[in-house]
Amino acid sequence: MAHDAAHDHGHDHHDHGPGPWTRIFTTTNHKDIGSMYLWFAFFMFFVGGAMALVLRAELFVPGLQVVQPEIFNSLTTVHALVMIFGAVMPAFVGFANWLIPMQIGAADMAFPRMNNWSFWIMIPAALLLFGSFLVPGGAAASGWTLYPPLVTQGGIGTDMTIFAIHLLGASSIMGSINIITTILNLRAPGMTLMRMPLFCWTWLITAYLLIATMPVLAGAVTMLLTDRHFGTSFFNAAGGGDPTMFMHIFWFFGHPEVYILILPAFGIVSQIIPAFARKPLFGYASMVYATASIAILSFIVWGHHMFTVGMPAAGNLFFMFATMLIAVPTGVKIFNWIATMWRGSLTFETPMLFCIGFLCMFTLGGFSGLVLSIAAVDITLHNTYYVVAHFHYVLFPGAIWGLTAAVYFWLPKFTGKMYDETLGKWHFWISAIAFNITFFPQHFLGLAGMPRRIPDYALQFTEWNTISTVGAFLLGFSQLIFLWNVVKTIRSGEKAKDKQWEGADSVEWTHLPSPVPYHTFETVPNLKLAAPAH
Amino acid sequence: MKNKTLIERVFLAFTALCMALPALASYDVNIPPPATPISAQIYGLHMYILWICVVIFVIVFGAMFYSIFKFRKSQGAKADVNFHESTLIEIIWTVIPFIILIAIAIPAARTVLDMKDASHPDVTIKVTAFQWGWRYDYSADDVGFYSYMKTPWSQIGQPGIEATEKKNPDYLLEVDNEMVVPVNKRVRLLVTSVDVIHGWYVPQLGINQYGIPGFIKDAWFKADKTGVFKGQCSQICGKLHGYMPITVRVVSEADYAKWLADAKTKWSTKAAPAAAAVPAEDASKQYSLDELKAMGEKVYAANCAACHQPNGKGTPPAFPPLAGSKIVTGEAAKQIDIVLNGKAGTAMQPFARLSNTDLAAVITYTKNAFGNATGKAVQPADIKAARR
């Protein structure tokens, strides 16, 4: 078995070359880089979360108590940028680095040096983003959508944000090129495209989305930069430009971006649910096609972020119909996951709990998305807390719980140690309850007409805001359990089995020991016989 | 067994919470009562889709929770590994959602078309947004006026400084001058902005329309009942985005005529079309330093204190202090220029809309407050001369 082969070079682990510090700067090993991505994302997740807690503290009761409105606006802006570009995307890339080579039987990523670079250019980006709070004029305070002309009023902090976005975009593009090349070229014999685990499939499609849209964002923010400093008028009506054009360009990036934030999580869930149902994923091929359909549709729905701009009726109708269509492939995915559980043999370890939480809560987010897709109804909900509730329902239980499930699921494989199941269950249940206390009332606030991105509110919104703030602090606390559990696992977890999960069937579980050796496949594995049938 | 009791406990607690909350009376959970045919359609559409979603949720997650309870390994469930592919099922659950979507799309499209048909207005009002307030121009009647939030900062407070006054029931939603429109008439709004993007949002009237600088977009409503309808700016527009309320008073046709006659005397734009934005006054009048300071303190509190703070110390770096500022204590001309025309690239907006007297007063006040003891006064004539 390949198992024994892997042990033969297990001694490699600490043997080579540089000391720990040189190693983290110069490493080209996909597992090292994956871990760095994951720790970076974990750190950013807590920083972004802390920002959100300042916002919620300000909104605990009406009136201004904690921060000035301009700081509130900056925190709103940077919270979003940190969570999207600093936490969720790097975390997915971290898992891609760890898992894709192992799952397709490759020795490493296709471009190991570029892989190192795509991690390290995120550090100056993060420094620019955080440093922008310290410069005259403060951090960008226009919301993460950076709409002009408001963004042109910002100080140098806005320019730093723009450069940070450039760097993060370059990092994402390099990561994507690496992932696409790895998947298309380095699959071991027998690992045909239609036998790949869903995580590889969703990442392949996500990588194409990134390559298609990141340059668009970079172009948009560069135009902002030249409007701000070099007298151009791309978005300035006085010079013949149009602020609305920025919205079109931004959301042409921005809508595929929300699928970038969720498709890899679909992949994760599509691997974890079958593992704990102990039967193959239901409708594997339809899952692949549904993912591709969602990706393609994501390019023609951006206008649903702009129903209040004043587009003609035909524009509103087109974007409404196109957006509603997304419910079809997304529905197929939900049904397939449930059908996977149907007639299975279910157990409910922590990763499975997070996946079930994902299913329920993400679907609620999908329903509120359907409500918002209706251009007429969107008029009364646009830019209200309903929208805040909607995207936190799809991003927190979607992206974050997907990632959390992945951490619990693969940590035994990465570290060779088992996490604390009791703590994991506490983490899930407190998160699940706190999340709903935080965000469910925000639907009500939005329906009642409370605008988002305001530091203070009219008295009729008090009760739900207070409840939401209490939930938010509980939710923040529950993530400390997560951190504690991860640290505890690494320091003193019990030894994990090579195939920790009975129903797991991808190559990293079936062909490799836990922990995985530093170099996985020194010779090309033959997956023709051993690969699981779908 | 341990897992099950944990699940049960949490489930019970959560259910109890869900049931307890809506039972309390003051918690709004839905769209406020509609006041126009369009907002009534919006309300109906939302309820229609909400119930469809509830039914789907119950069916789909009924199936999931059935699986969770029925197909547990701990209850001896064996996995049916062959149940992982069915073209027929895939087709069914692609087609059924599609049909449901069509059932939603048809009424929704009808509402969108109605909403976008702003033709044949009875009253047309130009809505001009700015940082941070609104201007309403009834152009056909030569009436135009500003509408600002009326809630004083003493009710809002500041970080570290508690509000000194009790909050009104209409806290943050009260304005000095309301938009007044007649009932059962088609009112067309031409929405624009002079600085950044704002959103004119009054949910009960079914309107949420961005004001985009350099462009005019339209929206319309026909209120079918009289009353006061409130809203706020919906699009983030800088520091005081949260302090840009909107109030629309819908009145009978007779009351509207009365209001309009009164408005014409107060806010006529006919007399001085070139300087429409500047209130009538005697710009040649000379005031004493104390008079200007007293008047200026009020103007400062209403227009400047939010950013530069009541004590003139500002919140640097975004909002620089006026106390000890070189511009404030130096040449009057430079300060007048900044106050009149704003400062490009910063949040300092042009205040040319204020009267010469108010501007002279507030500039004089800043030159003689917060420890700035220049003893200098600026007269309305100086402002008039500096206007471009």
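The values are calculated or read from the model by the stated rules, or taken from the named source; none is laboratory data. As the structure is a computational prediction, the values presented were derived from the model and not from experiment. Virtual Cβ from ideal backbone geometry, glycine too; neighbours counted across all protein chains shown.
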>> Looking at A:L55, A:L75, A:L150, A:L59 in this structure, which one is without any contact (Cβ under 8 Å) to a residue 12 or more places away in the chain, closer than 30 Å to B:G157 by Cβ and either touching a Pro at 6+ places or on another chain (Cβ under 6 Å) or hydrophobic (A, V, I, L, M, F, W, C) (or both)?
In response: A:L150
> Tally time: how many residues in the range A:207-241 are within 14 Å of chain B (Cβ to nearest Cβ) and in a helix (DSSP H, G or I)?
Replying inline: 8
>> Quick check on my filter: what residues within the range A:464-486 are at the interface with chain B (Cβ under 8 Å from one of its Cβ atoms) and in contact with an Asp or Glu (Cβ under 9 Å, 6 or more places away or on another chain)?
In response: A:W464
> Looking at this structure, is B:I56 surrounded by fewer than 16 Cβ atoms within 10 Å (Cβ to Cβ) and not assigned by TED's automatic domain parsing to the domain that holds B:L189?
Replying inline: no
> Within the range B:146-187, can you find the residues that are surrounded by fewer than 19 Cβ atoms within 10 Å (Cβ to Cβ), in contact with a strand residue (DSSP E or B) (Cβ under 7 Å, 6 or more places away or on another chain) and assigned to a strand (DSSP E or B)?
Replying inline: B:Y146
> So, of the residues in the range B:226-268 that are surrounded by fewer than 24 Cβ atoms within 10 Å (Cβ to Cβ), within 14 Å of chain A (Cβ to nearest Cβ) and of a type in the set (S, T, Y), which turns out to be nearest to B:D117 (Cα to Cα)?
Replying inline: B:T247
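Condition check ((1) among the small types (G, A, S); (2) touching a helix residue (DSSP H, G or I) at 6+ places or on another chain (Cβ under 6 Å); (3) modelled with pLDDT under 85; (4) farther than 20 Å from B:S147 by Cβ) across all residues:
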{"residue": "B:Y243", "(1), (2), (3), (4)": "no, no, no, no"}
{"residue": "B:Y256", "(1), (2), (3), (4)": "no, no, no, no"}
{"residue": "B:A261", "(1), (2), (3), (4)": "yes, no, no, no"}
{"residue": "B:K266", "(1), (2), (3), (4)": "no, no, no, no"}
{"residue": "B:A274", "(1), (2), (3), (4)": "yes, no, yes, yes"}
{"residue": "B:D290", "(1), (2), (3), (4)": "no, no, no, yes"}
{"residue": "B:K313", "(1), (2), (3), (4)": "no, no, yes, yes"}
> Going by the structure shown, is A:I490 aliphatic (A, V, I, L, M) and touching a His at 6+ places or on another chain (Cβ under 6 Å)?
Replying inline: no
> From the list B:D80, B:D117, which one is closer than 30 Å to A:H304 by Cα and of a type in the set (D, E, K, R)?
Replying inline: B:D117
> Which of the residues that make up the range A:270-286 are within 13 Å of chain B (Cβ to nearest Cβ) and among the aliphatic types (A, V, I, L, M)?
Replying inline: A:I273, A:A275, A:A277, A:L281, A:A285
> Across the range B:102-129, what is the number of residues that are free of Cβ contacts under 8 Å to residues at least 24 places away in the same chain and facing chain A (nearest Cβ under 7 Å)?
Replying inline: 5
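Listed here are the residues, each with its yes/no results for (1) modelled with pLDDT of 95 or more; (2) touching a Cys at 6+ places or on another chain (Cβ under 6 Å); (3) assigned by TED's automatic domain parsing to the domain that holds B:F221.
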site	(1), (2), (3)
B:L101	yes, no, no
B:V127	yes, no, yes
B:G133	no, no, yes
B:D141	no, no, yes
B:F145	no, no, yes
B:T151	no, no, yes
> What are the residues in the range B:221-265 that are over 30 Å from A:Q68 (Cβ atoms), touching a Leu at 6+ places or on another chain (Cβ under 7 Å) and assigned to a loop (DSSP other than H, G, I, E, B), if any?
Replying inline: B:A223
> In the range B:349-388, which residues are touching a residue at least 12 places away in the same chain (Cβ under 8 Å) and either basic (K, R) or under 30 Å from A:H229 (Cα atoms) (or both)?
Replying inline: B:Q349, B:F351, B:A352, B:R353, B:K367, B:K376, B:K384, B:A386, B:R387, B:R388
>> Going by what's in this entry, would A:T244 be described as modelled with pLDDT of 95 or more and within 14 Å of another protein chain (Cβ to nearest Cβ)?
In response: yes
> Given the conditions (1) without any contact (Cβ under 8 Å) to a residue 40 or more places away in the chain; (2) surrounded by fewer than 18 Cβ atoms within 10 Å (Cβ to Cβ), and given that A:L204 satisfies all but one, which numbered condition is not satisfied?
Replying inline: (2)
> Taking the range A:287-310 as the region of interest, how many residues are outside any helix (DSSP H, G or I) and more than 9 Å from chain B (Cβ to nearest Cβ)?
Replying inline: 1
>> Restricting to the range A:318-333, name every residue that is under 25 Å from the mean Cα position of the chain (by Cα), more than 7 Å from chain B (Cβ to nearest Cβ), in a helix (DSSP H, G or I) and not small (G, A, S).
In response: A:F319, A:T323, A:L325, A:P329, A:T330, A:K333
> On the given criteria, is B:A223 in contact (Cβ under 8 Å) with a residue 40 or more places away in the chain and at the interface with chain A (Cβ under 8 Å from one of its Cβ atoms)?
Replying inline: no
> Among A:K499, A:K495, A:K528, which is the only one that is without any contact (Cβ under 8 Å) to a residue 60 or more places away in the chain, of a type in the set (D, E, K, R) and either touching a Pro at 6+ places or on another chain (Cβ under 6 Å) or over 24 Å from A:P397 (Cβ atoms) (or both)?
Replying inline: A:K499
>> Considering only residues that are within 14 Å of chain B (Cβ to nearest Cβ) and either closer than 22 Å to B:H241 by Cβ or within 23 Å of the chain's Cα centre (by Cα) (or both), which ones fall in the range A:112-134?
In response: A:S132, A:F133
> Which is under 27 Å from B:Q235 (Cβ atoms) and either without any contact (Cβ under 8 Å) to a residue 12 or more places away in the chain or touching a strand residue (DSSP E or B) at 6+ places or on another chain (Cβ under 8 Å) (or both), of A:F367, A:F319?
Replying inline: A:F367
>> Can you tell me which residue is farthest from B:P310 (Cα to Cα) among those in the range B:367-384 that are of a type in the set (A, V, I, L, M) and modelled with pLDDT of 85 or more?
In response: B:A381
>> For A:L459, only one of the following conditions fails: (1) touching a helix residue (DSSP H, G or I) at 6+ places or on another chain (Cβ under 7 Å); (2) within 10 Å of another protein chain (Cβ to nearest Cβ); (3) more than 27 Å from A:F40 (Cβ to Cβ). What is its number?
In response: (1)
